[in-house]
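Inspection log for the structure reproduced underneath, given as structure tokens.
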Amino acid sequence: MSTMNTEGQEAAVLFQFLSKLGLKKFYPNKLTLRSLLEIKESNINEEAVISLEEIPRCFLRKLFKINAECRNITQISKDQEEDDDLFGLDLYTSDDSAENKINPLDLIVALFLCADSFLQQEMALKMSMCQFSVPLLLPHASNSQSTLMLWALRDIVKEWRPHELSQSKGFVEDNIVQANIPFYSFVRLKNCSLSKSQILNHALSHGQQTHNMFIHRDMEGGAHERRIANGLVEVCWYLPSGRENLDIFPEPVAFANLRGDICESLAQFTFLFQVSTATFVFMDKVETVEHEILTSLQDVKSKLFFVVNRKEGNDEEDMRSVKTTMEELDLPKSGVKIKNSKVNVAEFLKKLSAAIKTSLLDIKNIISIENMLDKAVELGLSVDESKTDKQKKAAEKIMGDIGVRTIPHYKKLQLPLQGENWKRLSQLEKEECRTKEAGDSSLEEYKCQIQMEKKEIRKEQSKQNMSEGMKSFLEALSTSEKEKRDFFLKWMKFKFNRHSRDKLTKLRNEFKEQCKKKDVKEIAKLDQALVDSSLGIEHYMREMGLIYEVSLQSQDTADKMSHLPGLAADMLLDGYPLELLDGDASNIPERWVTDVLMELHRKVGEKSRLLVLTVLGVQSTGKSTLLNTMFGVQFPVSSGRCTRGAFMLFLRVGEDIKSDWNFDFILLIDTEGLKSPHLAQLEDSYEHDNQLATFVVGLSDVTIINVAMENSTEMKDVLQITAHAFLRMKEIGKKPVCHFVHQNVGGVSADTKNMTDRKHLLDQLNEMTQIAAEMEKQPSITAFTDVLDYDMEKNNWNIPGLWHGIPPMAPVSTGYSEAVADFKKNLLETVKTDRSDEVSQIPEFLSWMKSLWKAVKYENFIFSFRNTLVAHAYDNLCKEFNGWEWEFRKEILSWQTAAELEISNAHNESQVETWTGLVEKKKSEASQNVEIQQTMMKKKLSNYYERKDRRVTLIEKYKMDFLSSIKSLANEIKHSVCTKLDCILELKIGLKKAQDIQRKYRGVIEERVMKLLDDCKDSTLSDEQLTQEFEKMWAQATVNIPSLTEQDIPACILNQLRKHFSNQNVNEKLQNIELKEIGKVQFKTKIDHVDSVMKKVIYTFSSRDVQSFANSVIEISTQFVLDKTKTNGDYHESFTRDLLEKIDESLKQSEKCYKTNTQFEIDLKIHICGIASREFLKMHQKFLSENDPRRQLDKYKTPYLSDFIDLYKKTDHCQRKATDFVRLCIKPGVEEYISRSLGINIVDEILTSCHSAEYSSRSFFQYNIQKELLQKDDFESFVKYITKYEIYVKDWIFQHILQNMSEGQTLFKLKNENLQVIVRKITGALEQASKGEDGVLLPDDQESVPKLINNMRRCLIKDISISVEAEKSTLFQIQSTCHEFTKSLSESLSELKEQLEEEFSNSEDITDTLNKLPIKPQDELFKRVFGCGQQCPFCKVPCEAGGKDHEKHHAVVHRPQGLGRFMNLDNEKLVETLCTTDVHNEHSEFCDEDTNGEWHHYKYYTKYYPDWHIPPDSTIEASDYWKYVLVLYNDRFAEEYEAKPADVPKAWRRITKEEALKGLKDAFNITEQHI
């Protein structure tokens, strides 16, 4: 009963203690490792402990940072060091303060009791790294019960060098629980004044500084009363370094220390005595109970030592009690060590050490900790590992299959998918990109052969049955209980690590020997042997991924394996690393990694914002240790196995900082070491390291470069690799943050001393950047700061050495731990400050991963990189830019329309100089407006780049292109407006002559009408008679009206042509030509039109191309001329100037493609100008005809006749006058207003309708056109699109507008909307005009009518133009009063509105309407989507780059070159190879005019075409569209181009129409959202 009470009391003490520390809710074993790894504010910013509840978390945080000071935080920080009661006389104060004092041992026991099995392991491992003792036996609530912490210690692996291996420099690496190490226990009796923990610390420490492995009474908190730690047995190990002068013991020794006396912990003492090599009992005397316990021990002769503290004044009885026990046990004198006051600690330690060393010489049996299990069970102790038996057996079953086989053989049988086929697939994928082994084969055929081989391999893989080992592995992994899964994986890890340590030692030693000999072949062979002989969980996880990938080939297997990504995602969320890059095969199982991470993305509710952090550095310089210390994780750091590639690990971010830090996870990427000193001798070492660095730097937001200052050669190599990687990232728009960590740099003066080193580092970085820039052909980059924002102060970190002392007994240096913690804090704070809202989630991370990996597989990374995120970001900017461009154009077009109206409304009787002044003023205003709009557009661009939600950093390099495009757009618009204003002025001057004649003869007619009226007033005449008299009068009055003089338009154009060629000495040729007779027959190209060293050869093959090009230019130019002539104006010399500029634009391209000469230019321009001269002459004649003074006056003949009859009859003509005024003065203005507005309205309508996406960007426009071409299935359309792209696009846009305007009477609605607006304005103007300046109605008399009309004109001057001549004619001899006329006008306006509405409704000729608009919507939309008009020099695909003035041309999808008229010179067959294939091939060559007939490598095409960027196709299917088209129309294209059909690969013939369209969709990144 008393035992139960005691146990109950002990349990109560435990719960009270746990409650005090805030741990009760975690008891028992509920505190998880996962919760500790979560990134929280408290993990980053260390704050003083102010409450007892904070102590456990603070201890664990420091422990996980491997900070040896973690045991010193068990006391609450106080401002006042001492209590007011200096001598402790106040009992209440003393008791109260004792409550708040925690013994570190109690804290450790409490945490181990609350921690789950995996946290216990991690704590033990970290404590061991700090060289702390770790729990071997953990007491429960009752001291009589304890647990053997076998599982908790399983993860501790140590290295040491016994003295017998000193010469060979060998070492032993073993798991501490499996190693056979002599085991010494230290216990005490109740009465013992000597601190055994202190004695042990001294005994295990070398030199002056004692390391406190065991907590003792003189440590901080060590003297406080222990509440729950009695009965705890701790263990630590002494491990020799192989240096006899430094080592205390020649071989490893384990030391166990029992807390409390043996009477309280009898079970623990019994266990220790039975498993120990020897037991040392510390005592002052022996009491009766203790005597009974000690004398009951068996076989004590060499196993039991008494350590007696003989204090001065100890009575003889105490010593006698010791002697009695000693004699009864028959203990030899050597078994008793007495410490008296005359012997100091150092001397006493010599005795103790000597006793242990002597004992080591005579050891018969050594029990490893693992083998203590049976003894523990026998004595009634529990074992923490017992609950893992089932998982242990599962792991052993898998390991058992290895049996006597070699690892390579086992892997071949049990993990077949990652064997030769997987490696061959990896090689094929790289070869598919580089096509180095194509030989004489056609490149496209060779790529198809690679595709076939890949299919065969996958087919072969799919036939593989799952091995028994993998079945067992997946079965164990698929358990619904996470703890069981975790136990299984841990057991697998332990078993594999043990196996690797056993099997790889010999291979590593051989490898080391060969490295000394520098035998490259042997090094490569042994390196491969090490890879083949490595086996770990990662190999099983890799196989699991490949099983999943292979399963996707069939629906049945896919369904069976569909759960695997979920399993792996759960593991990632639980803190397990996952292989990202298989370093053995140099490949990524993309589908597996994608599906695992997308599954994780779904599991976290699609909240997966990532901060990606990578460490790069030389092998074995502490990269993984740095990550482990920073984040408390456990990347492998031992040399047990050979690991390659890159692994990723997810760390959750706590809810308390998610919103501030703007990410949900930190994704750590750990890589194999760069520039392994041994492997550096291998051929592909630099390339391999470069690929790895480029890949992981590209994925990262933060890259830590781990620099070991001691090896400058290796450091230089790493700097070159990383500088190269960062340069590549800059070029593709990625901006990672970079920190350099200098390890093993300590001392308070390190920063000052290292300023020189940092400057030296920057110099080296600059040098390496220049080398990398040269390799990547980026001459503009000359310094590292051109690549990254690098600050010598902020981006460099000094970290002291890892060990405090000489390993293996050295603990981790506190300086190292603190420096790493400081680095982590600053790094994350910097990221928090710099972090934009533009955060990658898992889908974006995966997109980057795929793009980077694809580009890495090509040799020329920068020219090979293409990424959907970049494409989307660029496309989004293009869409915005197009919108801004239209706003710019629209604003200026609206201003221009108003300016034209103002010039048109200028007083007709003014001098020409007045009009010229007005036009110059308007030009100045235009320049100002264009400048304002240009500034606004630049501001919009700048604001766009400041936005954080559009991934603008990815497209930073395009900013200058868009700025240049804004500038060229402003210049183009300014030029266009000024030209238009000049045209308006010329038109007004041209019309003045006609109007002067008209005004003169109007006066004559009106005078004659009045005279005729006077002659007839006394006669009574019928209407018919009156009409006859009027006709006679009219004939006589108008008989001598002169006509306008016709200009010699062909002569004007010829004169323009001479000016154009003034610098080229060709005027002789232009002297005697009759321009209007030229261009009536087809233009023929001649051999003299081409200049080249290969002229005759090339012309033979390219004459058709030159002719085709000439025809295309003629067609485009003719269309330009016809568009000009369709307007109602007169010919202006700017038309010819613009025409010649347009021809020049086309010729720029021909110079590159065909090397045409000046002769070709002259002949072509004369031919086109001949056509233009006839068309412009027709236009001029039509203008003269329409504005002929006689014809203009004839319009008013009927009104004059009506006026004459009304005046004669004295009838009321008010309504007729009003109707005539509206018909002849208002209606033309209204129609002109609608016409002026309609062009902009139509563009706006299309850009805001359901068709707006088609014009949103050039890429999407291309997609729509090509999709429609495929659906039309019309060969002629394809030919026109390819060979006459500009004409095709213009026609397509025009047809699209026609279709759009006819749908739902859209054009009628737009016209009607404008009609309503202008009628409202006129009605308002009429109302306003009917009042004087004082707001009072005008007098109701005849004299007020002209005032009314003048008022109206003034009100409407900015809206419509009212002809003065028309007004004078229609209001001739008006007899109506003002009010009556106003009323009649209002009625006539209503009638006009109805009449025009009916006209619009019945009008079906949309084409005519569009052609006559002053602002043509087809032209504005064409400008929006056509771009610069440049075409790929090889396949003739049009450039799709945004803006018009960009540095590089590019297109999403290129074509087989035969479609661009390219043929093989030797057999005249169309070329089937895509230029995207050729430019990335080592051997492909081209020969054209630009290379002067010499063969040149496609790979270096930028030498001749530096303004074109041709990356590889995003996928092999991306070009399926054009492959399909070539196959479909191969014979017809050959006939069209006068060549022989291309030799298309057989695989292309299997591409379906649906696959072609899908390839097009994927290439242009078209989603359902776009459609």
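The values are calculated or read from the model by the stated rules, or taken from the named source; none is laboratory data. All of these numbers come straight from a predicted model, not from anything done at the bench. Methodologically, a virtual Cβ is constructed for each residue, glycine included, from the backbone with ideal geometry; neighbour enumeration extends over all protein chains shown. Ligands, DNA and RNA are stripped out before the accessible areas are found, and what is left, the full protein with its side chains, is counted by its heavy atoms. Shrake-Rupley method; radii C 1.70, N 1.55, O 1.52, S 1.80 Å.
Points worth noting:
- Breaking point among (1) under 23 Å from Ala906 (Cα atoms); (2) open to solvent by less than 30 Å² (accessible area, probe 1.4 Å); (3) at pLDDT below 90, for Ile1322: (3)
- Residue match in the stretch 504-526 (condition: at pLDDT 80 or above and under 35 Å from the mean Cα position of the chain (by Cα)): no
- Options Glu986, Glu972; residue that is farther than 30 Å from Asp1194 by Cβ, within 60 Å of the chain's Cα centre (by Cα) and of a type in the set (Asp, Glu): Glu972
- Unique match (being of a type in the set (A, V, I, L, M), assigned to a helix (DSSP H, G or I) and without any contact (Cβ under 8 Å) to a residue 40 or more places away in the chain) among Leu1147, Leu1184, Leu1164, Leu1224: Leu1147
- Exactly one residue out of Phe1426, Phe1422 is modelled with pLDDT under 90 and on the phi < 0 side of the Ramachandran plot, and it is Phe1426.
- Residues in the stretch 403-436 that are free of Cβ contacts under 8 Å to residues at least 40 places away in the same chain and acidic (Asp, Glu) were compared, and the one that is least open to solvent (accessible area, probe 1.4 Å) is Glu431.
- Pick from the stretch 785-815, criterion among the hydroxyl-bearing types (Ser, Thr, Tyr) and under 22 Å from Met755 (Cβ atoms), ranking: surrounded by the fewest Cβ atoms within 10 Å (Cβ to Cβ): Thr785
Residue by residue, here is whether (1) outside any loop (DSSP other than H, G, I, E, B); (2) touching a residue at least 60 places away in the same chain (Cβ under 8 Å); (3) in contact with a helix residue (DSSP H, G or I) (Cβ under 7 Å, 6 or more places away or on another chain) holds:
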residue: Arg1354; (1), (2), (3): yes, no, no
residue: Ile1374; (1), (2), (3): no, yes, yes
residue: His1379; (1), (2), (3): yes, no, no
residue: Leu1410; (1), (2), (3): yes, yes, yes
residue: Gln1418; (1), (2), (3): yes, yes, yes
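Yes/no matrix, rows are residues, columns are (1) open to solvent by less than 40 Å² (accessible area, probe 1.4 Å); (2) at pLDDT 90 or above; (3) in a helix (DSSP H, G or I):
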site	(1), (2), (3)
Tyr874	yes, no, yes
Phe881	yes, yes, yes
Glu887	no, yes, yes
Ile892	yes, yes, yes
Gln896	yes, yes, yes
His907	no, no, no
Lys921	no, yes, yes
Glu931	no, yes, yes
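- Hey, Leu1307 surrounded by 20 or more Cβ atoms within 10 Å (Cβ to Cβ) and either within 60 Å of the chain's Cα centre (by Cα) or closer than 30 Å to Ile1114 by Cα (or both) or not: yes
- Leu204 being farther than 30 Å from Phe488 by Cβ, buried (at least 19 other Cβ atoms within 10 Å of the Cβ) and hydrophobic (A, V, I, L, M, F, W, C): yes
- Verdict on Leu52 being in a helix (DSSP H, G or I) and of a type in the set (A, V, I, L, M, F, W, C): no
- For the stretch 1035-1044, filtering for residues that are assigned to a loop (DSSP other than H, G, I, E, B) and either buried (at least 16 other Cβ atoms within 10 Å of the Cβ) or touching a residue at least 60 places away in the same chain (Cβ under 8 Å) (or both) leaves 4.
- Gln1215 being out of contact with any Lys or Arg (no Cβ under 8 Å at 6 or more places or on another chain), modelled with pLDDT of 85 or more, part of a helix (DSSP H, G or I) and crowded, with 18+ Cβ neighbours inside 10 Å: no
- Of everything listed in (1) within 24 Å of Asn371 (Cα to Cα); (2) open to solvent by 10 Å² or more (accessible area, probe 1.4 Å); (3) among the polar types (S, T, N, Q), the single unmet condition for Thr279 is (2).
- Some residue of the stretch 1452-1464 being under 26 Å from Leu1247 (Cα atoms) and either without any contact (Cβ under 8 Å) to a residue 60 or more places away in the chain or not in a helix (DSSP H, G or I) (or both): yes
- Restricting attention to the stretch 409-465, the residues that are in contact with an Asp or Glu (Cβ under 9 Å, 6 or more places away or on another chain) and outside any helix (DSSP H, G or I) total 6.
- Of all residues in the stretch 99-126 being among the polar types (S, T, N, Q) and in a loop (DSSP other than H, G, I, E, B), the one that is surrounded by the most Cβ atoms within 10 Å (Cβ to Cβ): Asn103
- Of the helices (runs of 4 or more DSSP H) entirely within the stretch 530-596, those holding at least 3 residues that are of a type in the set (Gly, Ala, Ser) occupy 564-573.
- Flag if Lys967 is open to solvent by less than 40 Å² (accessible area, probe 1.4 Å), charged (D, E, K, R) and in contact (Cβ under 8 Å) with a residue 12 or more places away in the chain: no
- Just one of the listed residues (Phe186, Phe214) is in a strand (DSSP E or B) and closer than 20 Å to Phe282 by Cβ, and it is Phe186.
- Taking the criterion of being among the hydrophobic types (A, V, I, L, M, F, W, C) and touching a Gly at 6+ places or on another chain (Cβ under 7 Å), the residues of the stretch 802-858 that qualify are Leu802, Trp848, Leu852.
- Filter result for Lys447 (at pLDDT 80 or above, open to solvent by 80 Å² or more (accessible area, probe 1.4 Å) and either in contact with a Cys (Cβ under 9 Å, 6 or more places away or on another chain) or among the basic types (Lys, Arg) (or both)): no
- Set side by side, the residues Gln1056, Gln1047 differ, and just one is at negative phi, open to solvent by less than 90 Å² (accessible area, probe 1.4 Å), in a loop (DSSP other than H, G, I, E, B) and among the polar types (S, T, N, Q), which is Gln1047.
- Restricting Glu1555, Glu1535 to those that are farther than 20 Å from Glu444 by Cα, open to solvent by 10 Å² or more (accessible area, probe 1.4 Å) and either part of a helix (DSSP H, G or I) or touching a Pro at 6+ places or on another chain (Cβ under 9 Å) (or both) reduces the list to Glu1535.
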